Amino acid sequence: MLSNDERRQARALAAKRRRRRRRILLGVLLSAVLLAAGVTLCLTVFFKISAVTVTGDEVYTPEQIVEASGVTLGENLFLLRTKDVAAQIETTLPYVETAEISRSLSCAVTIHVTKASPAAALDNGDSYTLLSASGKVLEDGVMAVGDDVVLLTAGEVRTRVPGEPVEFAGEQTLEDLQTVLAAFSDAEFTGVTSLDLQTHTNIRAVYQGRITLELGMASSVADKMPFIKATLARSEQTDPTFEGSIDFTIENRAYRNAATEPVPTTVPAQTAAEGDEPSASSETTLQATDAAGAAA
């Protein structure tokens, strides 16, 4: 049993603990009030946008880009939804491929734009629809296209709204378009005049308007590009006027068919007699080692 002195000490200790808890609680509440006041001031008084700068490609005027962004001076810097602003610019201004929005504590907003260039065109019969390499619609109803624009055959087109991705009936068509054009660009491969994406398992491209390249699936094109370029380089050296098709569907193999041969006969190049030249009406096979030697 506690003595009177012990009970007094216990009550004093309990009271001290209660006072400490009240001070802590009061401190927490005060901190919350100050934080709320600070946030309110930041959102209403401080960090208001004071300048908007446009950098990058000069595809549109800075005034057009700022107007399309919807960003206004005096708007709060931290309430700006940068992804939404970028998407709005890219949709409103078709020839902007990408827009990147950055903010600084000096209350300035920077909009960096990258232009979209025509890479492919859909033939509508009496006009064309221009597309970027990503499949974004740049213009519809164009009467003529440049020599560096690939004419596209891709089956049914559902929508072609400028500023938005083209929508094909085929589920894989847009992805195939993006994959093949990226493979051509990365390999710096030029000279393709048309592209046929109607068969997902065998993409076809026409090179220089006279050679049909059977490429196989779009996902394999990037890996095949060194061999394809070497094969075409050898073809240009040995038969610069060749017209027909070259089948690249099998990896590291190229089967060449002259356009004049109705039913080609397969004569593998490696089994032909030494000194014999394949006739114009035969299919010839070029192996990876042959193509690599030609490119060297």
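The values are calculated or read from the model by the stated rules, or taken from the named source; none is laboratory data. Remember, predicted model here, so these are calculated numbers, not experimental data. Using ideal geometry, Cβ is built from the backbone for each residue, glycine included, and neighbour counts are taken over all protein chains shown.
Beta carbons closer than 7 Å, at least 6 apart along the sequence or on distinct chains, pair a first residue in region 139-168 that is without any contact (Cβ under 8 Å) to a residue 40 or more places away in the chain with a second that is surrounded by 12 or more Cβ atoms within 10 Å (Cβ to Cβ) and among the aromatic types (Phe, Trp, Tyr) for Val142/Tyr128; Val145/Tyr128; Glu156/Phe168; Val157/Phe168; Arg158/Phe168. Is it the case that Ser106 is among the hydroxyl-bearing types (Ser, Thr, Tyr) and surrounded by 17 or more Cβ atoms within 10 Å (Cβ to Cβ)? So Ser106 fails the test.
Of everything in region 80-90 that's buried (at least 16 other Cβ atoms within 10 Å of the Cβ) and among the hydrophobic types (A, V, I, L, M, F, W, C), which residue is farthest from Val137 (Cα to Cα)? Filtering region 80-90 for residues that are buried (at least 16 other Cβ atoms within 10 Å of the Cβ) and among the hydrophobic types (A, V, I, L, M, F, W, C), the one farthest from Val137 (Cα to Cα) comes out as Leu80. Applying the selection to region 139-156, what residues are buried (at least 16 other Cβ atoms within 10 Å of the Cβ) and in contact with a helix residue (DSSP H, G or I) (Cβ under 9 Å, 6 or more places away or on another chain)? Once the filter is applied, which keeps residues that are buried (at least 16 other Cβ atoms within 10 Å of the Cβ) and in contact with a helix residue (DSSP H, G or I) (Cβ under 9 Å, 6 or more places away or on another chain), region 139-156 yields Val150, Leu152, Ala154. Does Thr114 meet the test of being surrounded by fewer than 19 Cβ atoms within 10 Å (Cβ to Cβ) and not charged (D, E, K, R)? Yes.
Which of the residues belonging to region 203-218 are exposed (fewer than 15 other Cβ atoms within 10 Å of the Cβ) and within 19 Å of Ala154 (Cα to Cα)? Once the filter is applied, which keeps residues that are exposed (fewer than 15 other Cβ atoms within 10 Å of the Cβ) and within 19 Å of Ala154 (Cα to Cα), region 203-218 yields only Gly209. Among the numbered conditions (1) among the small types (Gly, Ala, Ser); (2) over 30 Å from Lys83 (Cα atoms); (3) in contact (Cβ under 8 Å) with a residue 12 or more places away in the chain, the only one that Gly125 does not meet is (3). None of Leu77, Leu174, Leu122, Leu93 is crowded, with 16+ Cβ neighbours inside 10 Å and assigned by TED's automatic domain parsing to the domain that holds Glu188 except Leu174. Sub-7 Å Cβ pairs linking a first residue in region 230-244 that is surrounded by fewer than 15 Cβ atoms within 10 Å (Cβ to Cβ) to a second residue that is small (Gly, Ala, Ser), at least 6 apart or interchain, are Ala233/Ala294; Ala233/Ala295; Gln237/Ala294; Glu243/Ala259, ordered by first then second residue.
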